[in-house]
Amino acid sequence: MLSILGRPVDSHCDRYARRHFLKLGGLALGGLSLPQILRAQEISPVPGQGLSHKAVIMIFLSGGPSHQDMVDLKMDAPKEIRGSFQAIQTNVPGIDICEHLPRVAQMMDKFAIIRSLYGSPDQHASDMCVSGYPIGPKGRQDNHPSLGSVVSRLQGPVDQAVPPFVGLTIKTRHAPYSNPGLPGFLGQAHAPFQPDGEGMENMRLNGIHLDHLRDRQRLLSGFDSFRREAERNPVFHGVDSFTRKAFDVLTSSRLVEALDLSQEDSALRDRYGRGTADPAFGEDAGPHWMDQFLMARRLVEAGVRCVTLSFGSWDRHGGNFERLPEQLSKLDLGLSALVDDLHRRGLERDVSVIAWGEFGRTPRINPGGGRDHWPQASCALLAGGGMKVGQVIGSTNRLGEVPQDRPIHYQEVFATLYRQLGIDVATATILDPNGRPQYLLDRREPVRELI
């Protein structure tokens, strides 16, 4: 753990008082090299001209969303299958979705739906949705790196003071829900930066506020002085690159500015909705925090290549049709605002958006009015990234039990996302700890309908 050292005193053998230390530990940043202090070049896009890089926003619907209550309604099935929700027409003829997603329905020409998703086991975890690999014999993600970690390794930072991979997922008691994307065998150098982690807390506890970070002249003077002193201190030379990266991010205001939603117009924030960081319905899962959608957009504009977040509590073994209307309406609000905002800002070809969960739900409604785990079939909503939208890909059978037409594996979706980021999974490899090249995925064919 690196500390910014204060005025020397004689009360400690190392001549520095603990109360003068500003700790910088715990920042999982991923992929940053040693930049110049306060570099943070202006890289915000000019409206209509797009980003200088490609990015992806991954929305994990924690708990397993019900495909047949969202985008694959079975209106001709028996009532114990179809439930009480009605289908509504979208602005794309022939595509119907749930009545509780009216905003998305009116923007269906900007979305693509996969109705035939398969390949995830019965695991309550985000692993499959952030990496393409479930928990396996080698542990979380079977020790494979997540998409964000791969991008950090292969493409690195856009701006040296901004991490390429940020995880907004809140902490949960059930740890597999709150995995924002582990680095696997790539190690902590390519783990996501998490704004609610120890590093950001240290910044708050030590009085480092946004106003201080904006005072760049005072920061420059103060940190130049520290850098000169620190470089003479042999302790500094012993810290690992991971800690140095934490220091570099703290000495730039660019990341903190991106996380400051107060800079956005209040009307735009209202379009996204607000919500809170509290777990949805008080359950151990993601929040109904629409602010995270806006924060994700600000982060990719600041130079982040991959942002992950979790949204809602979708494990509806009971009360499915009582809880989902509220939850679907909140997802409808945040997701439609994000995609509309990307289009308004000319970013629809640069930023891919995906919303999905770890599996689907049982076609048959159980006696408690809920649906249970069903890994045989699931769904995904995609937008942006230059993908072909305004379409439905694949189908399930009459009761929504299994993929019928055009089954799509989770890894095929990842192959598509990598392609839109400029990474060809057919040829790209990364070295494992033994120095052996490893392909990013086992299935390396993208979804042809999307490209």
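Points to keep in mind about this one:
- Listed by first and then second residue, the pairs with beta-carbon distance under 9 Å, at least 6 apart or on different chains, first residue in region 163-176 and part of a helix (DSSP H, G or I), second small (Gly, Ala, Ser) and surrounded by 21 or more Cβ atoms within 10 Å (Cβ to Cβ), are ALA175/ALA125; PRO176/ALA125; PRO176/SER126.
- Failed item in (1) touching a strand residue (DSSP E or B) at 6+ places or on another chain (Cβ under 8 Å); (2) under 22 Å from LEU261 (Cβ atoms); (3) surrounded by fewer than 23 Cβ atoms within 10 Å (Cβ to Cβ); (4) basic (Lys, Arg), with ARG297 passing the rest: (3)
- Filter pass, THR362 being surrounded by 22 or more Cβ atoms within 10 Å (Cβ to Cβ) and over 20 Å from MET295 (Cβ atoms): no
- Checking each residue in region 129-159 for being outside any helix (DSSP H, G or I) and polar (S, T, N, Q) picks out only SER146.
- One residue from THR429, THR396, THR416 being among the β-branched types (Val, Ile, Thr) and in contact with a Phe, Trp or Tyr (Cβ under 7 Å, 6 or more places away or on another chain): THR429
- Residue count for region 422-440, restricted to those that are buried (at least 21 other Cβ atoms within 10 Å of the Cβ) and in contact with a His (Cβ under 9 Å, 6 or more places away or on another chain): 1
- The single condition from (1) part of a loop (DSSP other than H, G, I, E, B); (2) farther than 21 Å from TYR418 by Cβ; (3) without any contact (Cβ under 8 Å) to a residue 40 or more places away in the chain that PHE85 fails is (3).
- Any chance VAL339 is of a type outside the set (S, T, N, Q), touching a helix residue (DSSP H, G or I) at 6+ places or on another chain (Cβ under 8 Å), buried (at least 23 other Cβ atoms within 10 Å of the Cβ) and in a helix (DSSP H, G or I): yes
- Test: residue in region 393-407 that is within 24 Å of VAL304 (Cα to Cα) and crowded, with 22+ Cβ neighbours inside 10 Å: no
- Within the set GLY390, GLY346, GLY400, GLY385, the sole residue that is small (Gly, Ala, Ser), out of contact with any helix residue (DSSP H, G or I) (no Cβ under 9 Å at 6 or more places or on another chain) and in contact (Cβ under 8 Å) with a residue 12 or more places away in the chain turns out to be GLY346.
- Pick from region 159-199, criterion crowded, with 23+ Cβ neighbours inside 10 Å and β-branched (Val, Ile, Thr), ranking: modelled with the highest pLDDT: VAL166
- Any hit, region 91-111, residues being of a type in the set (Val, Ile, Thr), modelled with pLDDT of 95 or more and more than 29 Å from SER126 (Cα to Cα): yes
Residues are listed down the side, and each one gets a yes or a no for (1) within 19 Å of MET387 (Cβ to Cβ); (2) touching a residue at least 40 places away in the same chain (Cβ under 8 Å); (3) of a type in the set (Phe, Trp, Tyr):
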| site | (1), (2), (3) |
| --- | --- |
| ILE95 | yes, yes, no |
| VAL104 | yes, yes, no |
| PHE111 | yes, yes, yes |
| ARG115 | yes, yes, no |
| ASP122 | no, yes, no |
| ALA125 | no, yes, no |
| MET128 | no, yes, no |
| PRO137 | no, no, no |
| ASN143 | no, yes, no |
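- Among the residues listed as LEU61, LEU51, LEU73, the single one being within 27 Å of ILE451 (Cβ to Cβ), surrounded by 15 or more Cβ atoms within 10 Å (Cβ to Cβ) and modelled with pLDDT of 95 or more: LEU61
- Filtered residues of region 91-128 (kept if outside any loop (DSSP other than H, G, I, E, B), within 19 Å of GLN68 (Cα to Cα) and of a type in the set (A, V, I, L, M, F, W, C)): ILE97, CYS98, VAL104, ALA105, MET108, PHE111, ALA112, ILE113, ILE114, LEU117
- Selection within region 373-388 - surrounded by fewer than 21 Cβ atoms within 10 Å (Cβ to Cβ), over 11 Å from SER352 (Cα atoms) and touching a Lys or Arg at 6+ places or on another chain (Cβ under 9 Å): HIS373
- Yes/no for ARG271 being in a helix (DSSP H, G or I) and either buried (at least 24 other Cβ atoms within 10 Å of the Cβ) or basic (Lys, Arg) (or both): yes
- For region 284-311, a residue qualifies if it is under 23 Å from MET128 (Cα atoms), modelled with pLDDT of 95 or more and part of a loop (DSSP other than H, G, I, E, B), and the qualifying residues are VAL304, ARG305, PHE311.
The values are calculated or read from the model by the stated rules, or taken from the named source; none is laboratory data. Everything numeric here is computed off the predicted structure, so don't read it as measured data. Positions of Cβ are backbone-derived with ideal geometry, glycine not excepted, and every protein chain shown enters the neighbour counts.
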